[in-house]
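The next block holds one structure in the form of structure tokens; read it before the comments.
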Amino acid sequence: MIRITVALLLMASMLSAQPTGKEILDRIDENMSSDTRYLKSKMVIHGPRTSRTIESESWAKGDQAALTEYLSPAREKGTKMLKLEDKLWIFSPSTDRTIQISGHMLRQSVMGSDLSYEDMMDDPNLTSKYDAVVVGSETYNERECWIVEMHAKVDDVAYQMRKLWVDNERYIPLKEELYAKSGKLLKKTELTDIKRIDSRWYPGKIVFKDMLKKGAGTEFIVDEIRFNVDIPEHLLSKAALR
Amino acid sequence: MIALKLAIRNLLGAGLRTFLIVIVLSVAYFLIIFMNGIYQGWDKQARIEMIAWEVGEGQYWQENFDPYDPVTLVDAHAVIPEAFKKDVENGNVAALLYTQATIYPEGRMQGIMLKGIGVNQKAIAIPSAQLIAEEGDIPALIGTRFAKNAKLEIGDYVLIRWRDVNGTFDATEIKIAGIFSTAVPAVDAGQVWIPLDMMQRITGMPGEATMIVKGRDAEMPADVAGWEFKDHSYLFAALEALIQSKTIGGSVFYGIMLALALLAVFDTQVLSIFRRQREIGTYISMGMTRREVVGLFTVEGAMHAVLALFVGAIYGIPLLLYLQNKGIGMPEGTDEFGIAAAERIMPYYSVALIVGTVIVVMIATTIISYMPVRKISKMNPNDAIRGKIQ
């Protein structure tokens, strides 16, 4: 009898320690988002035969404004991409023209990677669109994780279901899976090399994989990241593209 | 009449020179008729094919549909109006529903246009009756170009991904139920056809369509609220513009040939006046007016075009008829420009083309023949008869 009581008490304490899905998402947001951000990174695109590396630096203000400038290879150097709310423009120095990416072009992959332009436009505010439920826990990459399942509660979402593996100490997602309405796994994202930057935990490497496409996916390697930096107003405007 | 007889005698007397000019002029005739025949044949064939496969007897577009602006496609769908329903049910019109999608043949990603089409439609030649679903399958039709490009065969299953009416991703496998061959790339390249009812279900657009293609037997109203009727003149505008630009481009070739022939006629006329001054003086002294002499020389020059017409007819008619029957093979990849083009173009020589060409060459040769002989009217007959150079 005493054993049963102890076991029940332990279970109750464990359950009370388990945060809700919404709490986990809020903690992730708290950990990862910032007012402004500067990022220097490398994108390694693994094709069926070869791989290529694209270096870039970007400046972002919240989730609504971001400018990315490609630094290498020479063919992409000087290409700039500007996101302002739900609009996206690209400036190509070789043609000296700025084009707005819209319609079917949003579905094209970014520089041949596993990321599409619309993935980049995806609204990160998940709690307003998904019901998040913790469905279990699991050890993933030697870290204890909550498994959070998110089902769309509104109609206008890109993915009907998302599944997140969230480090239960650091509150950073280590893996995400995106599913179609039919339940087919469409995309997978893995976050590794988690580092402490200021008061946050941030991934040093993110691997995106379009699960419908052949190939080893696209690696996104963070070389340098700074939070809450001063970004001049003109840098996040169309004037900065040229 | 005397001028005509003299002209023929003089021309035949000139021998090789006349022969060369006539040959070059006849080639110009041939090229003008042949090249324009190709463009007219292409235009005619393309219209027939486009009517059969794509445009029918006209199309009703949902008011937001703009084929040149893919952004509009998201909103370009509406419930099929009552006025069309009877014709949709009996297959006299083809109701089409469009959405953009991605196909993954062998794991390669490729953008496509996913189109729903009524299985019982008879308005266009897409073999929609082949879209027979087996339990749980989505049958699909594709054209030979796309099948070759995506390396797909009948019976293959291939994954597609699309967004529903709310923008939510969905993905499933479709089964290639048929592959059709068409000269119209607009219904083939990057196009995947599935049954309309399945398309409406997977996109969450029940009873909706993007476009209604009118068939021959359809009795449809001219105006339906929310739908715009596009007739043949509108739907063929791009084809006409292309053919016109090709015709202008092609005219350079036969223009050069015609210019060479006319230059030869001009030279011959200048030489005739220079060498036949005594003859000119004699004509005038025998009572011919200057105008009559000018007329004689002009007719002589213009007769090159008449002779060229006969010479051209001797080798041109059999050759043109042979080419009309055999057709001209189009270069590989012509249809990839998105314009309807059969593998072989059958030239079409209209009466207007032949008569027009003859008239143009005749008039051009006559004008060119007249220009140098105007000098005769200023000649002094005394000096001319003495052969004094003027």
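Each reported figure results from applying straightforward, stated rules to the coordinates on display, with no laboratory input. Since this is a predicted model, take the numbers as computed values, not measurements. Because the Cβ atoms are built from the backbone with ideal geometry, glycine has one as well, and the counts that use them run over all protein chains shown.
Any idea how far the Cα center of the stretch A:134-207 sits from the one of the stretch B:70-89, in Å?
Measuring centre to centre over Cα atoms gives 40 Å.
For the protein assembly as shown, what is the charge dipole size about the Cα centre, in debye to the nearest 20, if Lys and Arg each add +1 at the Cβ and Asp and Glu each add -1 at the Cβ?
My answer is approximately 3900 debye.
Put a dot 7 Å past each Cα toward the Cβ at residue A:233 and residue A:29; how far apart are the dots in nm?
2.8
Could you list which residues have their amide H under 5 Å from that of residue B:330, counting only those 5 or more apart in sequence or on another chain, with H placed in the peptide plane?
For residue B:330, whose amide H was placed from the backbone, the distant partners under 5 Å are B:344, B:345.
Just checking the output field for A:178-188: average partner chain Cβ neighbours within 10 Å of each residue's Cβ?
4
Using a Debye calculation, one point per C-alpha and no hydration shell, please list log10 I(q)/I(0) for the protein assembly as shown at q = 0.08, 0.09, 0.10, 0.12 Å⁻¹ in order.
Values, matching the q order: -0.78, -0.89, -1.00, -1.22.
Working from the pairwise distances between different alpha carbons, so that the mean of 1/r is found and then inverted, what is the stretch B:4-72's Kirkwood radius in Å?
It works out to 17.1 Å.
Can you report the principal axis dimensions of chain B using only the alpha carbons, biggest first, rounded to whole angstrom?
Computed over the Cα atoms, the extents are 102, 43, 32 Å.
What ranking of B:265, B:355 emerges when the number of other C-beta atoms within 10 Å of each C-beta is taken as an exposure proxy, fewest first?
B:355, B:265
Cα-based Rg (one decimal) and Dmax (whole number) for chain A, in Å?
Here Rg and the maximum Cα pair distance are 19.9, 79 Å.
Please compute the volume of the convex hull spanned by the alpha-carbon atoms of the stretch A:92-199 and report it per residue in Å³.
So the per-residue hull volume is 165 Å³.
Just to confirm the number: angle between the C-alpha axis of helix A:21-32 and the first principal axis of chain A, 0 to 90 degrees, nearest 10?
Compared with the principal axis, the helix lies near 40 degrees.
Could you line up A:190, B:300 from fewest to most neighbouring Cβ atoms inside 10 Å?
A:190, B:300
Excluding residue B:283 itself, what net charge comes from residues whose Cβ is under 11 Å from its Cβ, given Lys and Arg +1 and Asp and Glu -1?
Its environment carries a net charge of +1.
How do A:38, B:322 line up, fewest other C-beta atoms within 10 Å first?
Least to most surrounded, the residues fall as B:322, A:38.
In bins 10 Å wide, starting from 0, what share of all Cα pairs of the stretch B:59-230 does each bin hold, as a percent?
10, 41, 37, 11, 1
Which of the pairs A:83/A:153; A:80/A:188; B:86/B:122; A:40/A:205; B:85/B:230 have their Cα atoms more than 23 Å apart in this structure?
Exceeds cut-off: A:83/A:153; A:80/A:188.
For chain A, find the longest principal axis of its Cα atoms and tell me its angle to the long axis of helix A:2-17, 0 to 90°, nearest 10.
It is inclined by approximately 20 degrees.
Show that you can apply the helix-only estimate: for chain A, add -39,500 (n - 2.57) for every DSSP H stretch of four or more residues, divide by all residues, and state [θ] at 222 nm to the nearest 500.
Mean residue ellipticity at 222 nm (helix-derived): -4000 deg cm²/dmol.
What does the charge count near residue B:165 come to, summing +1 for each Lys or Arg and -1 for each Asp or Glu among other residues with Cβ under 15 Å from its Cβ?
Summing Lys/Arg as +1 and Asp/Glu as -1 gives -3.
Under a 10 Å cutoff between Cα atoms, tell me which one of B:237, B:186, B:28 has the largest fluctuation in the Gaussian network model of chain B.
Among B:237, B:186, B:28, the largest GNM mean-square fluctuation belongs to B:237.
So which DSSP H runs in chain B come out at 15 Å plus along the axis (Cα) with average Kyte-Doolittle of at least -0.5?
B:2-13, B:16-50, B:237-275, B:290-326, B:351-373
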